[in-house]
1. Identify all residues within the range 33-69 that are open to solvent by 60 Å² or more (accessible area, probe 1.4 Å) and among the β-branched types (Val, Ile, Thr); write none if there are none.
2. For the range 52-69, name all the residues that are within 10 Å of the chain's Cα centre (by Cα), within 15 Å of residue 29 (Cβ to Cβ) and free of Cβ contacts under 8 Å to residues at least 12 places away in the same chain.
3. For the range 28-60, which positions are touching a helix residue (DSSP H, G or I) at 6+ places or on another chain (Cβ under 7 Å) and more than 14 Å from residue 1 (Cβ to Cβ)?
Amino acid sequence: MEHITLTVKGMSCGHCVKAVEGSVGALNGVESIEVHLDAGKVEVEFNPEVVSLETIKETIDDQGYEVVS
Ligand SMILES: [Cu+2]
């Protein structure tokens, strides 16, 4: 299991939190996701053998937010 913290731009309210948590949380291989709205951080625990970091980033991107790092 891998644990990463991403910096994500554009999240501003509870709806954004739900959009990111819901979409990433629905991915196969994602064990847990937590959005820290004030800090603009997204913490993800995932199994890299099942889902790639690239897929996680793209999923956040597809929701309309920008993964900065
Ligand atoms: Cu929002």
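1. 50, 68
2. The answer is 58, and nothing else.
3. 35, 37, 42, 59, 60, listed by residue number.
The values are calculated or read from the model by the stated rules, or taken from the named source; none is laboratory data. Computed from a predicted structure; not experimentally measured. Here Cβ is always computed from backbone atoms with ideal geometry, including for glycine, and neighbour counts include all displayed protein chains. Only protein heavy atoms, including side chains, enter the accessible area calculation; ligands, DNA and RNA are left aside. Shrake-Rupley method; radii C 1.70, N 1.55, O 1.52, S 1.80 Å.
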